[in-house]
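Right, one structure below, let's go through it.
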Amino acid sequence: MRRSLRLFLLAVMVLAVFFSLSARTGADQNIKAASQTDVNDNRPDYTVENGDSLYPAVSDDGATVDGLKEYNDLEDEIKILINKTGQKLTVYKGDTEIQVYKAHFGEGGMEDKEIQGDRKTPEGTFYITEKSILTPTDEYLGSRWMRLSYPSIEDGDRGLEWGIIDQATRDSIAWAINNKETPPQRTALGGGIGIHGGDIPEFGDNWTWGCIGLTNMDAEELFELVSVGTQVIITR
C-alpha cells in the first residue's frame, strides 16, 4: 500500500514538472515573438535621400535620429569634406552626398593655419577626437562642439622644419595621431580647432578664430551623424 502511494506521488510530481516546463517554453516563445514584432513595428520606414535633413524626417515620421541612422545604414563610412572658398561642409556616406551645410571659417583669412593666434582654419585631413554637448549654450560655440585632430603630423613636420616646435613636441603630435587621440593643443602651432554652432547673422561671414562655424541647428544635426574618429578633410 505504501509502495503504491509512493509510486502515485512520484508520477504526479513528474507530470507537474513536465507541464511546468511546457508552459515556460511556450511563454518564452511568446515573449520572443512579441519582442520581434515590437522591433519590426518600431523600425523607422523613412529612407533618407540625398540632401535630406534628419530632423524634419524625425518630426514628420515620429522616428528617432538614431533609428534613421540605423535603418539607412549611416553609421559606417561617414566622412566630412569642407571647402573654405565655397563655405560648404558636406557629409558623405561612402561616395554618396547626404547633407550640405553652410560653414564659416577663421577671420584671419583663407590661407592655411600656421601658428597659434593667426585665427586661420587649418587645411588637411583630420578626424573628430571629441564630441561635447554645451549646456548652457555658449555665445560663440553654440550648443555642440566637435574637436578636430589639429595639429596633424604634417603640421608637426612643418613646425619642426620652421623651428616653431622641437622634436619632442613633433613626436608627441605624431604619437597622438597614430593612436587616434587628441594631439597636444598648447603648442606654437595652435590648437582648439573644431566644428561648432553659434552662428548668428550679426557675426557676418567667416567670424571664427579658426574653427568651422555652423548654425546651432546644423551643428546639432551634424553632431548626431558623426562619431569620434569620423574623417574630416578641409580644403581651400
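The numbers here are math on the coordinates, done by the rules we state, and not lab data. Keep in mind that this is a model prediction, so the values were computed, not measured. Heads up, the Cβs are rebuilt from the backbone with ideal geometry, glycines too, and the neighbour counts pull from every protein chain shown.
Can you sort 121, 187 so the residue with the fewest Cβ neighbours within 10 Å comes first? List each step's numbers first, then the result.
On the way: 121 30, 187 21.
Arranged by neighbour count, lowest to highest, 121, 187 become 187, 121.
Our compactness index for region 73-225, the C-alpha radius of gyration over the empirical 2.2 N^0.38 Å, is 1.03. Put in order of Cβ neighbour count within 10 Å, fewest first, the listed residues 110, 146 become 110, 146. Per residue, the average separation of C-alpha pairs within less than 8 Å and at least 6 apart gives region 74-197 a relative contact order of 19 percent.
All Cα-Cα distances of region 151-236, cut into 10 Å bins from zero to the largest, leave 15, 38, 31, 15, 1 percent in each bin in turn.
For 205, 95, the sequence from fewest to most other C-beta atoms within 10 Å is 95, 205.
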